[in-house]
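See below for the structure under consideration.
The values are calculated or read from the model by the stated rules, or taken from the named source; none is laboratory data. Since this is a predicted model, take the numbers as computed values, not measurements. A quick note on method: Cβ atoms are made from the backbone with ideal geometry, for glycine too, and the neighbour counts reach across all protein chains shown.
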Amino acid sequence: MNVGTQMRNIRDAMTTVNSFPQIRNLPLVIGESDPEGCAACGMSTNPENAYRNGTMYSSYTAASFARKYLLADSFRLNLMGAVSWSFEFENQPWFAGFRDLATNGVDKPVLNVFRMFGMMTGKRVEVKGNRMYGLTTFIDSSVRGSTDVGGLASKDKSSAAVMIWNYHDEDKREAPEKIEVNIQGLSSPSITLTEYRIDQSHSNAYTLWKEMGSPQNPTNDQIVMLERAGQLEMMEKPREISVTKGEVKVNITLPRQGVSLLKLEWE
């Protein structure tokens, strides 16, 4: 992968929009915002598109969509959102590697990133991290050295959310990262914390399908299991955490290409 390629295209488009005063302040929507152009090219013709089945696509989506907001901030543009140009392919092999969010009705890991986005309500708030690539480096050089451990956060009247990813352009296994998340500015003395996760063993029907032997004619029972595995999954039951001077610290261990959503709620 090369996330910088897509981001440079978006930067060039924003530069163009920003050059016209009459449209500079209009709401901006990024259409067909995806890694490459051939949605209907599956693994049989393009083996490199196998990434669309697993967690690389979900972590790529988390890291790149967050940078679109930062890029819009740098241009002072009114970014409303971005659209994944995904399709529905009928009567095709299971996990064929097309650009879709589900295969034969079973959700892929990437769809769960959008479920996470949907749980982030209120206003976006600032995120800082010592392992998060700077915007210029992310765009110009992509993610080629250490992994990009970054975040996107929001805060509402009685809730907050922090999405954290561990992305790299190379899809290979490495030891999980230990991450400390410091969340400040909380007004409640305690919060309820729920962690949602996308990785090899959570919110991932593709892993289960391979464990089943990659069946192209799964049984009804197998389909039910795959449908369940494709849903967004909690790491554990919600738990109460005390807030100290408006701050909580949460420690997680996030695998490479994994994505977590920390959902905080209070009364």
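Some points to look at:
- Restricting the stretch 105-126 to residues that are of a type outside the set (Gly, Ala, Ser) and more than 26 Å from Ser201 (Cβ to Cβ), the residue that is surrounded by the fewest Cβ atoms within 10 Å (Cβ to Cβ): Glu126
- Close Cβ contacts (under 9 Å, 6 or more residues apart or on different chains) running from residues in the stretch 179-197 that are touching a residue at least 40 places away in the same chain (Cβ under 8 Å) to residues that are surrounded by fewer than 17 Cβ atoms within 10 Å (Cβ to Cβ) and of a type in the set (Ser, Thr, Tyr) comprise Ile179/Thr253; Ser188/Ser158; Pro189/Ser242; Ser190/Ser242; Ile191/Ser242.
- Subset of the stretch 43-96 [assigned to a helix (DSSP H, G or I), loosely packed, with under 13 Cβ neighbours inside 10 Å and touching a strand residue (DSSP E or B) at 6+ places or on another chain (Cβ under 8 Å)]: none
- One residue alone among Ile183, Ile191, Ile252 is closer than 28 Å to Met1 by Cβ, at pLDDT 95 or above and crowded, with 17+ Cβ neighbours inside 10 Å, and that residue is Ile252.
- Subset of the stretch 217-249 (residues that are part of a strand (DSSP E or B) and either surrounded by 13 or more Cβ atoms within 10 Å (Cβ to Cβ) or among the β-branched types (Val, Ile, Thr) (or both)): Glu233, Met234, Ile241, Thr244, Val248
- Restricting the stretch 194-203 to residues that are touching a strand residue (DSSP E or B) at 6+ places or on another chain (Cβ under 7 Å) and not in a loop (DSSP other than H, G, I, E, B) leaves a set whose member that is surrounded by the most Cβ atoms within 10 Å (Cβ to Cβ) is Ile198.
- Residue among Asp156, Asp148 that alone is free of Cβ contacts under 8 Å to residues at least 40 places away in the same chain, closer than 30 Å to Leu71 by Cα and not polar (S, T, N, Q): Asp156
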